[in-house]
Amino acid sequence: MFLSLVVSILNGMDSSFGPLAISFIITFIFGAFPFIFVRHSSSISIKDGFLIVVLSWMFSFVFGMLPYVLWGGEFSLVNAWFESVSGFTTTGSTILNDVEGLPKGLVFWRSSTHFIGGLGVVVFLLLVLPSASPFRLRLTNIELSSLSREGYRYRSMRTVYVIVSVYLGIFFLSAICLVLAGMSPFDAVNHAFSVVSTGGFSTKNLSISYYDSLAINVIITFFMLLSSLHYGLIFTTLVTRSWRPVAKSPVVKYYFGSILVMSFLIMLSLKVRGGYDEWGRAAMDSFFQACSYLTTTGFGMSDNSQWPFMAGIVLLFASLQCGCSGSTSGGLKADRVYIAFKTLVRQIHSVLHPTSVSKIKVGGHYIGDSEALRVLMYIVLYCTIIVIGIFLLLLCGVDAMDAVSGAVSSMGNVGPGLGSIGALGTYASQPAMAKLIYTAGMILGRLEIYPVFMIFVLMFKREK
């Protein structure tokens, strides 16, 4: 908020200065309370750990919405909550019809929520804790999913260092490349915030299509894909100066293969039924949009609300799967989908050959039955929540296409859906209750469901 204040001052103390200054003071005062009133503790329980993780996010949403509420305009209380949750969870959905009408300070704060949320509110917490603190390891293990931890072969402090160094590296490189490609420094920094966090907030109403630049499209696509890979894998690649870790990873192979297959299917759909005259244009639009949805960044290069039904179905599956674990991407993760496919193949093999013994192998290690079952159970739980979300949205009077794609997109932290909430659309016309349902999906998707559920279990569990 302080940096956003500086941006506001540099732009002639625009209309966001007052709201940002008041929000900064309120947030600072409340942030100082724990240092004054909370008793120091040398250890934390599992319950404390889950509370710290979940409440860190929830308070970020609440204080993050203050500048929007105080500024006014399109930001009603519900709209401000929606924009704040969408920013911190790096979903990238927006209620704004005119982003370019916002003052620069507020635009910078809006993009900053992506940057903070992408790195993780809890990672910021870990950065200020002493390296020997017993909090660190426990919070690291709670914040990172079991799939994410597979790629981090380090102590907790080392893990935080890996995440932060890769994250900042991608941010600075993407910002520099975008400036060289012709973006203004302000736009480049804001879009770099979105790219590295796989968020999707843009400074333009038409998103990336505003620039109509092949160089910018290529840069955005490259860094979207890079940000959707496991950070531990990227770090290992840089340290060893070899692409072998990436090239040998079966999950990465599956992930890039799924991008190519989806892009090809969308391209065929656009050329045959989408009114595209040139194969090149169809290929460019399909590849960019497939990458945008799979990485959960959600930038728009074309109006996919007018695309054929088949292209929409492919994008819907892309919003379900999304990127790799250990990245800022949301969704089920390519790792879980890959393990589910391998489990299905093994099950079919077992039925055909009852006496044979087969195991699920992913890369250099085998997946046990219990781990495979956990993956399948998560997928079932994830899809169940989406179905419940669709049902509730339909009760709110939301159009069927918007309800299905919006529920999937929110849980996956993708941002755009299909129809009126497509890549160049907004959620402004959605009912207020529907917006709250969307934000509930965003929160569950960002925290990967279990921490939120665990809080309710621990809160109502009888103490022995």
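Read-outs throughout are calculated quantities, based only on the coordinates presented, and are distinct from any laboratory measurement. Only a predicted model underlies this, so the values are computations on that prediction, with no experimental measurement involved. Here Cβ is always computed from backbone atoms with ideal geometry, including for glycine, and neighbour counts include all displayed protein chains.
What ranking of Tyr382, Tyr231, Tyr366 emerges when the number of other C-beta atoms within 10 Å of each C-beta is taken as an exposure proxy, fewest first?
On the way: Tyr382 19, Tyr231 26, Tyr366 10.
Taking fewest neighbouring Cβ atoms as first place, the list is Tyr366, Tyr382, Tyr231.
Subtract the Cα-Cα distance of Gln306 and Lys204 from 0.36 nm times their separation in residues, and report this length gain in nm to one decimal. Display every interim value, and only then the final one.
On the way: separation 102, 0.36 × 102 = 36.72 nm, distance 2.04 nm.
The Gln306-Lys204 span can extend by a further 34.7 nm.
In what sequence do Arg241, Arg110, Arg446 fall when counting other Cβ within 10 Å, fewest first?
Values: Arg241 6, Arg110 29, Arg446 24.
Ranking Arg241, Arg110, Arg446 by Cβ neighbours within 10 Å, fewest first, gives Arg241, Arg446, Arg110.
For Met377 and Ala400, what is the calculated FRET efficiency with R₀ set at 25 Å and r taken between the beta-carbons, to the nearest 0.05?
Working: r = 28 Å, r/R0 = 1.13.
Computed FRET efficiency for Met377 and Ala400: 0.30.
Considering the Cα trace of the range 292-343, what is its radius of gyration and what is Dmax, both in angstroms?
Gyration radius and largest Cα-Cα distance of the range 292-343: 12.3, 37 Å.
Need one number: the % of Cα-Cα pairs in the range 1-95 sitting beyond the 19 Å mark. All intermediate terms of the calculation are to be shown ahead of the outcome.
On the way: 2330 of 4465 pairs.
Here the tail beyond 19 Å accounts for 52 percent of pairs.
Spin-label point model (7 Å from Cα, Cβ direction): what's the Met433 to Phe391 distance in nm?
1.5
Which one, Ile313, Leu352, Met284, is farthest towards the positive end of the dipole of the range 259-371 when Lys and Arg carry +1 and Asp and Glu -1 on their Cβ?
Selected residue: Leu352.
Compute the convex hull volume of the Cα atoms of the chain, divide it by the residue count, and report the result per residue in Å³ as a whole number.
Working: hull volume 78.3 nm³, N = 464.
Convex hull volume per residue, Cα atoms: 169 Å³.
Each label point is 7 Å from the Cα along the Cα-to-Cβ direction; what then is the distance between the points at Leu180 and Leu260, in nm?
Computed distance between label sites Leu180 and Leu260 equals 2.7 nm.
How large is the dipole of the chain about the Cα centre if only Lys and Arg carry +1 and Asp and Glu carry -1, each at its Cβ, rounded to the nearest 20 debye? Mind showing how you got there, number by number?
Details: 30 positive and 21 negative charges, 404 e Å.
So the magnitude is around 1940 debye.
Within a Cβ distance under 13 Å of Gly419, other residues only, what is the Lys/Arg minus Asp/Glu net charge? Mind dumping the intermediate values first?
Working: positive: none; negative: Asp303, Asp399, Asp402.
Residues close to Gly419 contribute a combined charge of -3.
Which aspartates and glutamates, on any chain, are close to Lys253 with Cα under 18 Å apart, when same-chain ones fewer than 8 places away are left out?
Result set, ordered by chain and number: Glu150, Asp335.
Residue farthest toward the positive end of the dipole of the chain, with Cβ of Lys/Arg at +1 and Asp/Glu at -1: which of Phe37, Asn304, Val398?
Of the candidates, Phe37 comes out farthest on the positive side.
Please report Rg (one decimal) and Dmax (integer) in Å for the Cα set of the range 190-332.
My reading of the Cα-based Rg and Dmax gives 15.1, 47 Å.
When a footprinting reagent is the concern and you count Cβ atoms within 10 Å, what order do Leu315, Leu96, Leu3, Leu444 take, fewest first?
Details: Leu315 28, Leu96 20, Leu3 13, Leu444 23.
So the ranking, lowest neighbour count to highest, is Leu3, Leu96, Leu444, Leu315.
Pairs Lys104/Lys204; Lys47/Lys333; Lys248/Lys361: which are spaced more than 18 Å apart, C-alpha to C-alpha?
Details: Lys104/Lys204 12 Å; Lys47/Lys333 26 Å; Lys248/Lys361 13 Å.
Beyond 18 Å between Cα atoms: Lys47/Lys333.
I need the calculated FRET efficiency for the pair Ile9 and Leu238, taking r as the beta carbon distance and R₀ as 45 Å, to the nearest 0.05. Intermediate results must be reported in sequence, preceding the final value.
Details: r = 37 Å, r/R0 = 0.82.
E(calc), rounded to 0.05, equals 0.75.
Using 0.36 nm times the number of residues separating Tyr161 and Ala340, minus their current alpha carbon distance, what extension gain do you get?
61.3 nm
Write down, largest first, the equivalent ellipsoid semi-axes of the range 368-446 in whole Å, where each equals the square root of 5 times an eigenvalue of the alpha-carbon gyration tensor. Could you put the intermediate results ahead of the total?
Values: eigenvalues 134, 31, 20 Å².
The equivalent ellipsoid of the range 368-446 has semi-axes of 26, 12, 10 Å.
At 7 Å along the Cα-to-beta-carbon direction for both Ser56 and Ser213, put a label point, then send me their distance in nm to one decimal.
3.6
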